[in-house]
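Nothing in this text is a laboratory measurement; each read-out follows from the coordinates by a stated rule. Model, not experiment: these values are computed from the prediction. Neighbour counts run over all protein chains shown; Cβ positions are idealised from the backbone, glycine included.
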Amino acid sequence: MRAVLLKQPKELEVAEIPTPEPQDGELLLKVEACAVCRTDLHILDGELPLVRSSLILGHQIVARVEGWGRRVEGFALGERVGVPWLGWACGTCRYCQMGLENLCERAEFTGYHRQGGYAEYAVADAHFVHRLAEGRAEELAPLLCGGLIGYRAYRMAPGERLGLYGFGSAAHLLAQLARAEGRAVYAFTRPGDHIAQAWARELGVTWAGGSDELPPEPLDAAIVFAPVGALLPQALRAVRPGGVVVAGGIHMSEIPAFPYALLWGERVLRSVANVTREDGREFFAKLNQVAIRPRIRVYPLEQAGQALADLRAGLGVGTAVLVP
Ligand SMILES: [Zn+2]
Ligand SMILES: [Zn+2]
């Protein structure tokens, strides 16, 4: 099969490699589409250490079941499934026991510990895939991380007025969900990024502006998706007493020192890490009631490097999706 391999940081290579064999408990999947995530960029750049050689990136996989190993039940050939970032959790550590498998001490992540979806085929643990609706694979793929991890952050950010810092893949999906649920959305982009601000307004946000600006009203909560530590004090400045600021990214530049007054008043600053299967069940059930339309840019698999470069440069709007 064709796959894009990450041999070492910053070195992607399109290669012909053997199609993987599903092991016990695993599905063999024919990849229809795989969306690109900022985490892929952090792995590519070595900001997250490379934990295996010849890694296949990609953890937003939409695929068809093509076969399975032993001890797999209940799947049909051709059935559509999605593979998210949480590829496996142990089920026995104290975090798994508490229902926090997103924090599992032995968790394996797709496109990081386990081979991902920048390829024609992939294998996945049958217990960790989500059954997906029919519809265009390219439009479903961004839901598997931008949507799903975004949703976990969204649940941690209650209240009527929601700020979103960094208007990219996750934020444009959440803005639609928040609007459908009757919340007012405030979109913060790079200062001067009028294209992203116009895009946010098209999606019905109440206000859009630069991340260096304050919103017209204090926010109940804010989620910071941009990997910029300086935005955390800025978001604290924008939320009311008792408000919550959630950091939604896996990697962020250093947070500058800030006056205690920004946290005072029972404001909460927290991160959200990874995702549980329960988040997925809840999120995909919600999508049966609320239609979310991802904006996408489709690239052929061979152009994975270009898709990542465009994401880094902040070029164009919408989520990059690779199609083998
Ligand atoms: Zn991701
Ligand atoms: Zn565990």
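Helix 146-155 and the long axis of the chain differ in direction by around 50°, with both axes built from C-alpha atoms. The Cβ shell under 12 Å around Gly99 holds other residues with a net charge of -1, Lys and Arg each +1, Asp and Glu each -1.
Calculate, in whole percent, how much of the Cα-Cα pair population of the chain lies beyond 39 Å. I get 10 percent for the Cα pairs in the chain exceeding 39 Å.
Ordered by the number of other Cβ atoms lying within 10 Å of each residue's own Cβ, fewest first, Ile43, Ile17, Ile250 fall into the sequence Ile17, Ile250, Ile43.
What you get for the chain, charging only the Cβ of Lys and Arg (+1) and of Asp and Glu (-1), is a dipole of about 520 debye around the Cα centre.
Ordering His127, Met156, Ala141 by the projection of their Cα atoms onto the charge dipole of the chain, which places +1 on the Cβ of Lys and Arg and -1 on the Cβ of Asp and Glu, puts Met156 at the extreme positive end. Overall, the anisotropy analysis places segment 173-217 in the oblate class: the square-rooted eigenvalues a ≥ b ≥ c of its C-alpha gyration tensor yield a/c not less than 1.5, with a/b not exceeding b/c.
Here the extension length gained between Ala230 and Ala15 equals 73.5 nm, from 0.36 nm per residue of separation less the Cα-Cα distance.
Site pair Met98 and Gln289 shows an inter-label distance of 2.9 nm when each label is modelled 7 Å from Cα along Cα→Cβ. Among the trypsin sites (Lys or Arg not before Pro) found in segment 140-176, not one is both in a DSSP coil and sparsely packed, with 11 or fewer other Cβ atoms within 10 Å of its Cβ. Other residues whose C-beta falls under 11 angstrom from the C-beta of Arg38 contribute a net charge of -2, scoring Lys and Arg +1 and Asp and Glu -1.
For segment 91-214, the Stokes-Einstein estimate of translational diffusion at 4 °C and a viscosity of 1.567 mPa s comes to 77 µm²/s, using the Kirkwood hydrodynamic radius over alpha-carbon pairs. Net charge dipole, segment 148-271: roughly 240 debye, given to the nearest 20, about the Cα centre with Cβ charges of +1 for Lys and Arg and -1 for Asp and Glu.
The gain in end-to-end length when the Lys7 to Arg201 segment is fully stretched comes to 65.8 nm, 0.36 nm per residue minus the alpha carbon separation. Exposure proxy shown here: for His59, His130, the number of other Cβ atoms within 10 Å sets the order, fewest to most, as His130, His59. Using the alpha-carbon positions of segment 187-324, Rg (one decimal) and Dmax (whole number) come out as 17.0, 51 Å. Summing charges over all other residues whose Cβ lies under 15 Å from the Cβ of Trp199, with Lys and Arg as +1 and Asp and Glu as -1, gives +4. In whole angstrom, segment 145-261 maps to an equivalent ellipsoid with semi-axes of 19, 15, 15, each derived as √(5λ) from the alpha carbon gyration tensor and ordered largest first.
Counting only helical runs of four or more DSSP H residues, what would the 222 nm mean residue ellipticity of the chain come to if each run contributes -39,500 (n - 2.57) and the total is spread over all its residues? Calculated mean residue ellipticity at 222 nm is -6000 deg cm²/dmol.
Quick one: work out the % antiparallel among DSSP beta bridges in the chain, nearest 5. Around 50 percent of the beta bridges assigned by DSSP in the chain are antiparallel ones.
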